Amino acid sequence: MATKFHNRVKLLSLVLGIALVGLSAYGAMPQKMTVAKKPQVAIGLAHKSATKDEIEGAVRQQLGARGVSASEQEVQAAARQALDLIGKAKDPEKGVIYVNTKKFTICASWGKDKDFCKSH
């Protein structure tokens, strides 16, 4: 009878050991697959009416400060897309938009929400 008990304890220990190894491997997996976060360009505008040159200048300045290189076409396309989204925004007094590109993300906020992008 003692051998039966010892065999059960051994089997239970083996099963728990395998389960713990499996769980630790599962917990370690997301750490290996983390993706580097793209730099975010934060633009705070006093009002909704901004020019493409203003946005392009802010994007270039912040990317340069972070050491991120982007072609002139990428900056212009992102600025154009940001202006389009700002123009389509429903509330003229405040708002926040995001533009994702391959190398960076633009966060533009205006009006009462002007400092939103800089604080997030």
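Every number here is computed from the coordinates shown, using simple stated rules; none is lab data. All values reported here derive from a predicted model rather than from experimental measurement. As a convention, Cβ positions derive from the backbone with ideal geometry for all residues, glycine included, and neighbour counts pool all protein chains shown.
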Relative contact order (percent) for segment 40-119, with alpha-carbon contacts under 8 angstrom and 6 or more residues of separation? 43
If we count every other residue with Cβ under 13 angstrom of Lys48's Cβ, Lys/Arg +1 and Asp/Glu -1, where does the sum land? 0
Segment 71-77 - phi-based ³J(HN,Hα) in whole Hz, Karplus 6.51/-1.76/1.60, Gly and Pro as x: 6, 4, 5, 5, 5, 5, 5
On a full-extension model of 0.36 nm per residue, what is the gain between Glu72 and Glu54, subtracting their alpha-carbon distance, rounded to one decimal in nm? 5.0 nm
